[in-house]
1. Here are some residues: Gly73, Gly97, Gly135, Gly52. Which one is under 20 Å from the mean Cα position of the chain (by Cα), over 30 Å from Leu299 (Cβ atoms) and modelled with pLDDT of 95 or more?
2. Could you give me the residue pairs with C-beta distances under 6 Å whose first residue belongs to region 111-136 and is within 17 Å of Leu188 (Cα to Cα) and not assigned by TED's automatic domain parsing to the domain that holds Thr209, whose second residue is of a type in the set (Ser, Thr, Tyr) and surrounded by fewer than 16 Cβ atoms within 10 Å (Cβ to Cβ) wherever it lies, and which are 6+ apart or on separate chains?
3. What number of residues within region 251-280 satisfy the criterion of being in contact (Cβ under 8 Å) with a residue 40 or more places away in the chain, within 19 Å of the chain's Cα centre (by Cα) and surrounded by 20 or more Cβ atoms within 10 Å (Cβ to Cβ)?
4. Tell me which residues, restricted to region 200-221, are part of a loop (DSSP other than H, G, I, E, B) and of a type in the set (S, T, N, Q).
5. Report, by residue number, each residue of region 3-25 that is surrounded by 16 or more Cβ atoms within 10 Å (Cβ to Cβ) and either in a loop (DSSP other than H, G, I, E, B) or modelled with pLDDT under 95 (or both).
6. Give the residues of region 199-250 that are over 23 Å from the mean Cα position of the chain (by Cα) and surrounded by 15 or more Cβ atoms within 10 Å (Cβ to Cβ), sorted by residue number.
7. So which residues in region 309-338 are crowded, with 24+ Cβ neighbours inside 10 Å and more than 17 Å from Ala72 (Cβ to Cβ), if there are any at all?
8. Looking at Ile150, Ile122, which is the one that is over 21 Å from the mean Cα position of the chain (by Cα), among the aliphatic types (A, V, I, L, M) and part of a helix (DSSP H, G or I)?
Amino acid sequence: MLRTVITGSGSYIPEELIENKDFLKNSFYTPEGKQFENSTSDIIEKFHAITGIQERRYASKEILNSDMAAEAGSKAILSAGFDKESIDHIIVAHNFGDVSSNEPIPDMVPSLASRVKHKLGIKNPYCIAYDVIFGCPGWIQGVIQADLLIKTGNAKSILVIGSETLSRVADPFDRDSMIYSDGAGATLIQAIESEDEIGLIKHTCMSHTNEEVHFLMMGQGYYEESKNDNYMKMNGRMIYNYALSNVPPALKECLDLSGLDISDISKVLIHQANAKMDEAIIQRLFKLYGQSEYPEEVLPMSIDKLGNNSVATVPMLYDLIKNQLLSGHSFQSRDVLLFASVGAGMNINAFTYRHP
């Protein structure tokens, strides 16, 4: 039986380290253009208490999003020991394309996947390259797409990458800018013949676009001099409430479809934009199974050091654990993993996966 299995992974973690104290020089404003009465140090302290973020990484000025994606993809191919010319599809999840360091204008033509294929030096014309724009859940959606291609016999090897430079679309006068970071994560996914149930088991997807569609959107800067610029904006309170109401039942649905109980899950690899929100989501998920607490080792976290790098968060987290670079976490053969994300759209998706 054909199974969808991750055979290689790679990451690009930018070198430029930005600590919370580096924002002390910033002045933060409300959407109405008024400066907060609280001191910047107080804002930073409250921000850390809520999000858990201590530091994040920014891409250096000469690096583009597609550069990071290609580097992570190259590492994934190398770790799998695979011939790059045999890749059937390249799927790149992102939201803003290549954004230069000096002007926040998204560049999405040609597609990032086409640029990545070019930068990887792949000449095979039957290697099809295309992008997924799906908010922060984009990489997971790319993996779901890969699974469908494999299960229908339309592909045998697919490179799925999540890469983003959120720092370049963030308003420096908006306190939410401290959340965002840059990075890339990639996985090589292959069709493996096995009677043993390994790889991707089941998936779920949800999309809410009524009142929720503009919880994350592009908007003008908050400071008078930046009002003509277009930046990513979010309604943090509405996103928090939406996630706590909708993500836990969506994850339970995925587990139920998989024929699994919460006790079967070794790790939940969830998109990380807010540590408290993720903890509350997993707490509610376990309560749906009648459990008041969850084991700490079930929820590996990278947000404290890497911030929120959108589509890159989950594949980077997987790669860190796979290479035993996240303290206290590792994968064992037969571990069942739950991958999950929520983000702009608003979109939710998840898949269960049995580690080979």
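The values are calculated or read from the model by the stated rules, or taken from the named source; none is laboratory data. Predicted, not measured: the structure shown is a model, and the values here were computed from it. Positions of Cβ are generated from backbone atoms using ideal geometry, with glycine treated the same way; all protein chains shown enter the neighbour counts.
1. Selected residue: Gly97, the only one of Gly73, Gly97, Gly135, Gly52 that is under 20 Å from the mean Cα position of the chain (by Cα), over 30 Å from Leu299 (Cβ atoms) and modelled with pLDDT of 95 or more.
2. Between residues of region 111-136 that are within 17 Å of Leu188 (Cα to Cα) and not assigned by TED's automatic domain parsing to the domain that holds Thr209 and residues that are of a type in the set (Ser, Thr, Tyr) and surrounded by fewer than 16 Cβ atoms within 10 Å (Cβ to Cβ), the close pairs are Ala113/Tyr130.
3. Looking only at that region, the number is 10.
4. Thr209, Asn210
5. Those that are surrounded by 16 or more Cβ atoms within 10 Å (Cβ to Cβ) and either in a loop (DSSP other than H, G, I, E, B) or modelled with pLDDT under 95 (or both): Ile13, Pro14.
6. The answer is Gln220, Gly221, Tyr222, Tyr223, Ser226, Asp229.
7. The one that is crowded, with 24+ Cβ neighbours inside 10 Å and more than 17 Å from Ala72 (Cβ to Cβ): Leu338.
8. Ile150
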